[in-house]
1. If you go through segment 190-220, how many residues are of a type in the set (Asp, Glu) and modelled with pLDDT of 80 or more?
2. Check Gly389, Gly401, Gly452 and return the single one that is part of a helix (DSSP H, G or I), of a type outside the set (A, V, I, L, M) and either without any contact (Cβ under 8 Å) to a residue 40 or more places away in the chain or surrounded by fewer than 20 Cβ atoms within 10 Å (Cβ to Cβ) (or both).
3. Residues that are in the same structural domain as Leu78 (by TED's automatic domain parsing), without any contact (Cβ under 8 Å) to a residue 40 or more places away in the chain and among the charged types (D, E, K, R): list the strands (runs of 3 or more DSSP E) wholly contained in segment 114-183 that include at least 2 such residues.
4. Among residues belonging to segment 277-295 that are in a loop (DSSP other than H, G, I, E, B) and surrounded by fewer than 17 Cβ atoms within 10 Å (Cβ to Cβ), point out the one that is nearest to the chain's Cα centre (by Cα).
5. Conditions first: (1) in a loop (DSSP other than H, G, I, E, B); (2) under 30 Å from Val443 (Cβ atoms). Leu46 passes all but one, so which condition is the exception?
6. Filter segment 75-100 down to the residues that are free of Cβ contacts under 8 Å to residues at least 24 places away in the same chain, farther than 17 Å from Lys155 by Cβ and hydrophobic (A, V, I, L, M, F, W, C) and list them by number.
7. Could you look through segment 350-399, keep only residues that are of a type in the set (S, T, N, Q) and either on the phi > 0 side of the Ramachandran plot or in contact with a strand residue (DSSP E or B) (Cβ under 7 Å, 6 or more places away or on another chain) (or both), and pick out the one that is modelled with the lowest pLDDT?
Amino acid sequence: LGLMEKADVDYIEGLSPAISIDQKGASRNPRSTVATQTEIYDYLRLLFARVGHPHCPQCGRPIERQTVQQIVDSILALPPGKRLMILSPVVRDRKGEYQKTFEDARKAGFVRVRVDGAVRDLGEEIALDKNKRHSIDIVVDRVVTEEPGEDASDKNRLSDSVETALRLGGGLLVVWIDGEDERLYSEHYACLHCGVSFGELEPRNFSFNSPHGACKECTGLGVKMEIDPALEEVSLETSLPAHQVVAVRPQAGGAGTVLANVAALAPAELRAIGVAGDDGEGYELAAALAAMGVNLDGFIRSRRRRTFTYTKPLVITPGRAPEELSRLDIKDRTPMPAELVDEIVASIRSAVAEADVVILMDQATDVASSVLCRAVKLAVAAVVISDRGTVILADSRTDVGSFANVDIKVNQDELRRHFSDDRTDVEALAARWAEDIGRRVFVTLGADGVVGAAP
């Protein structure tokens with residue numbers, strides 16, 4: 001995930017060989033998907049942020065670095081008489097009090113900062129709520145653009161200010177322009193053809209739960225049912241308000257999110273095995289997966305099933321942020337029919353024989369109605385026994401102990417719940433489980449990385 005100089009040491013002891021990833025534990029947030037609940041999404045976001053090659057969204061060209069001179073020339077191209085502030089972004093939408101940041105700025109000789117959009121004097125006491133997100137920019141200089149060819153000292157001053165702002169901001173600077181939108185400049189990422197600069201790629205840029213990565217249309221909800229309060233009517237039958245839906249935007253969620261992320265890695269083939277209803281929602285789901293290039297040979301459409309849907313209504317009021325209402329879930333809670341079980345098992349057998357990796361993601365709370373019902377799990381165990389060449393990884397939200405002859409992935413809460421043990425060391429429990437089932441066990445530890453155990 002990046003190259004570094006070899007350390008000037010001969011021997012290091014006591015460091016755990018783990019990748020530290022900032023992530024949240026499992027929650028019951030209605031915005032959660034299979035990808036976030038299984039923590040696969042955290043790894044994919046980190047991967048894209050570290051090895052991704054950004055392209056300009058306007059022209060599609062690769063984004064290249066800007067030199068200090070190119071940034072200065074762009075600023076000098078502004079009309080004369082414009083009042084500017086050269087700002088160095090040192091904190092961007094992060095939680096904390098940042099008293100040390102303010103103190104360091106004072107010691108460095110700066111007199112002003114911009115905190116959450118408001119310019120503050122460093123001589124005053126600045127108290128921030130540590131539980132809220134804040135953005136802090138150091139005011140490096142305040143200038144007025146001059147006519148071309150005027151005093152060269154002004155250009156030198158601007159060059160010095162740009163260099164200082166880039167150094168403090170880690171290669172980024174912001175130019176506040178009186179009466180216009182701000183401009184972001186980067187010595188790392190910029191499109192020289194469109195004149196647009198971008199910040200460094202971060203995992204949160206790929207998160208639909210973050211304002212930095214979420215779609216501005218649906219705020220990261222994936223499916224959007226828009227309600228216009230201006231059209232609200234009163235029901236003649238009940239006298240209750242009848243909310244008027246003006247737009248519905250379906251999107252493959254859950255496992256569809258995982259498939260979209262894996263498809264971005266350009267595998268030779270990506271196959272979906274599952275069941276959906278032979279209804280409108282099932283048609284839209286199949287169409288969305290096909291548009292990703294997913295092989296649907298193992299994707300079953302049946303009139304005996306109803307497609308699981310999660311509807312997230314939004315109240316759209318002009319001039320206000322969308323208001324998210326309670327989620328509406330429609331699930332088929334009837335047991336999986338025997339003939340569909342046979343088709344699912346046949347598809348899994350085919351995948352095991354041909355695929356490099358098979359991921360069994362069991363997120364249903366009602367096991368009997370799940371694609372991975374008990375009969376399917378028993379059949380999977382028999383398939384794996386006969387062919388161990390394919391990596392089979394099981395990830396279940398509630399019933400991971402019911403899988404056999406497959407590798408297991410859990411988080412530490414699921415591990416402790418499996419053993420009803422809150423005291424024993426996680427590594428010891430993982431080793432015990434691996435020994436019990438004769439397969440590998442992987443335990444995610446949040447920010448502390450991953451623990452693996454083999455029999």
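1. At the first step, the residues of segment 190-220 found to be of a type in the set (Asp, Glu) are 200, 202, 217.
Going one step further and asking which of them are modelled with pLDDT of 80 or more, we end up with 202.
Residues that pass the stated criteria total 1.
2. Numbers: Gly389 fails: part of a helix (DSSP H, G or I); Gly452 fails: part of a helix (DSSP H, G or I).
Matching residue, one of Gly389, Gly401, Gly452: Gly401.
3. On the way: elements: 118-121, 133-144, 172-177.
Fully inside segment 114-183 and qualifying: 118-121.
4. Here is the first cut: in segment 277-295, the residues in a loop (DSSP other than H, G, I, E, B) are 278-279, 292-294.
Among the residues that remain, those that are also surrounded by fewer than 17 Cβ atoms within 10 Å (Cβ to Cβ) are: 278-279, 292-293.
On the way: Asp278: 31, Asp279: 30, Met292: 18, Gly293: 21 Å.
Only one residue fits best here, namely Met292.
5. Here Leu46 meets the rest and fails (1).
6. Correct list: empty.
7. Initial filter on segment 350-399 (of a type in the set (S, T, N, Q)): 350, 363, 365, 369-370, 386, 390, 396, 398.
Pick out the ones that are also either on the phi > 0 side of the Ramachandran plot or in contact with a strand residue (DSSP E or B) (Cβ under 7 Å, 6 or more places away or on another chain) (or both) and you get 370, 390, 396.
On the way: Ser370: 83, Thr390: 81, Ser396: 76.
The extreme case among them is Ser396.
This table checks each residue for (1) closer than 13 Å to Ile392 by Cβ; (2) out of contact with any Pro (no Cβ under 7 Å at 6 or more places or on another chain); (3) assigned to a helix (DSSP H, G or I).
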position: Pro335; (1), (2), (3): no, yes, no
position: Glu339; (1), (2), (3): no, yes, yes
position: Asp342; (1), (2), (3): no, yes, yes
position: Val345; (1), (2), (3): no, yes, yes
position: Ser350; (1), (2), (3): no, yes, yes
position: Ala353; (1), (2), (3): yes, yes, yes
position: Ile359; (1), (2), (3): yes, yes, no
position: Val371; (1), (2), (3): no, yes, no
position: Lys377; (1), (2), (3): yes, yes, yes
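The values are calculated or read from the model by the stated rules, or taken from the named source; none is laboratory data. Remember, predicted model here, so these are calculated numbers, not experimental data. Neighbour counts are summed over all protein chains in view; Cβ atoms, including those assigned to glycine, are modelled from backbone coordinates with ideal geometry.
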